[in-house]
1. Among what's in the stretch 77-110 and is under 25 Å from Ile253 (Cβ atoms) and among the β-branched types (Val, Ile, Thr), pick the residue that is surrounded by the fewest Cβ atoms within 10 Å (Cβ to Cβ).
2. Six or more apart or on different chains, Cβ under 9 Å: which pairs go from a residue in the stretch 406-420 that's at positive phi to one that's surrounded by fewer than 17 Cβ atoms within 10 Å (Cβ to Cβ)? Could you list them?
3. List, please: which pairs have Cβ atoms under 7 Å, are six or more places apart or on different chains, and start with a residue in the stretch 168-179 that is crowded, with 24+ Cβ neighbours inside 10 Å and end with one that is not in a helix (DSSP H, G or I)?
4. Any residue in the stretch 138-164 that's of a type in the set (D, E, K, R): show its pairings with residues that are part of a loop (DSSP other than H, G, I, E, B) at Cβ separation under 6 Å, as long as the two are six or more apart or on different chains.
5. For residues that are part of a helix (DSSP H, G or I) and crowded, with 21+ Cβ neighbours inside 10 Å, scanning just the stretch 371-382, find the one that is farthest from the chain's Cα centre (by Cα).
6. Within the stretch 152-229, which helices (runs of 4 or more DSSP H) (wholly inside it) include 1 or more residues that are at pLDDT 85 or above and touching a His at 6+ places or on another chain (Cβ under 7 Å)?
7. Go through the stretch 383-412 and report how many residues are farther than 20 Å from Ala338 by Cα and either in contact with a Ser or Thr (Cβ under 6 Å, 6 or more places away or on another chain) or surrounded by 14 or more Cβ atoms within 10 Å (Cβ to Cβ) (or both).
8. How many residues are touching a residue at least 24 places away in the same chain (Cβ under 8 Å) and more than 18 Å from the chain's Cα centre (by Cα) when one looks only at the stretch 261-286?
Amino acid sequence: MCSVSAKSSEPSIDAIAAKPLPLWAGRTMALLGILLVALNLRTAVAAVSPIVSSINVDIPLDAVTLGIIGMIPPIAFSLCGIFGAIPARRLGLERFLAIAMVTMAAGHLLRSLAGSFTGLFLGSVLALAGAGVGNILLPPLVKRYFPDRIGLVTTLYVAIMSFSTAIPAALAAPITEANGWRLSLGIWSIVAIVGLVPWVLLLLAHRRERAAAASGAEIADLAQPREEFSGKIWHSRVAWTIALVFAVSSFEIYAGLAWLPQLLEDIAHVSKFEAGNLLALYSLMGLPGALFLPVLTTRMKNVSWLLQLGLACFVLGYLGLLLAPTTATWLWVALVGAGPMLFPICLTLINARTRSAHTSVALSGFAQGVGYALGALGPLLVGFLHDVTGGWTAPLILLLAIAAACTIAAAKLRKPTSIEDDLERA
């Protein structure tokens, strides 16, 4: 069961929706918890690729194994999206998230102690499974605690997520140089434990309220998608369009996180440290969009223009890396890094295109489950094309073509149709 009842000290959803409240009005701990979880959602993704050469000294890693590691994030996120509703219903959103943070911390620690690829793989699976649960639960938690501030709170946590990708990318090589790659990977377990604290405090503070509200219809309604929508969500054209745009964003992002440092070392002739800094730039370029796009998305009737802008950044950046990789390399990386503005837009659409919290949970699981499943092909296909052709031209053309093709799907989101309205028409 969820941990906050209608009689608890937290404001009810109906009361909040009727009259917007300050962010700190009875929900400070929830806000802190959401932001700290967001800080942890990408640390496991970006911590490995800048220090692959150092890890390779102790654990041999070829292109295939690197491709497998690169596929773990979107696969883990996809499986969590598809199957996460059941444990969320049985355990409650807050308790399930607390378990995810513990799993994440254990994964970081395990891969820092790994003596073989198996240990590195299993640690990565645990860390990224925890992150995957966080991915799915944050949108409905935002809708639960902050239905009056969806755009603002989404802006805050997506901005924090940008930092959570950039910080490991920037610090991985210096920490490895000073103290070894094991500390560089293991230090993020501490950050995960810190992110656990607010949710433990929330669970402890509302234990009595949870027991009193064990049969509350509002709580059960919020913790799980209603049956009619969880079953029909697959029939919604709006849901599929959001999922496809999310998939392209995931495909491009995880291909870049897995291969961008090596690509830049090979075609732009930069050093390992420069490649790590450029990966950090790539990650930070999502921050400007995260600061204003969620609020803008909630206010715009036609969001397809924002999506087209992100896709244009991908196309221009890849063209630059294809045609002039050693000239203004930072500019091409910055453009490619701006392309993932699709990500915060899609996260906001999960709440903006639904009328209720239970539909938001259903759409969050569906869009992220399908999106990350297709996105998992990014690291694998880029690595495969690189091995087959012996260069980076074919992989870059693939990434460019997929971004260009997505403009068709983006155009279909020009009308502000909700999932409920779309399903009623189906």
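The values are calculated or read from the model by the stated rules, or taken from the named source; none is laboratory data. Given the structure is predicted, the values throughout are model-derived calculations rather than measurements. Neighbour counts run over all protein chains shown; Cβ positions are idealised from the backbone, glycine included.
1. Across the stretch 77-110, the extreme among qualifying residues is Ile82.
2. Within 9 Å, no pair qualifies.
3. Pro168/Ala47; Ala172/Ala47
4. Matching pairs, first to second residue: Asp148/Pro20.
5. Of everything passing the filter in the stretch 371-382, Val382 is farthest from the chain's Cα centre (by Cα).
6. 181-186, 188-205
7. The number of residues fulfilling the criteria is 8.
8. 15
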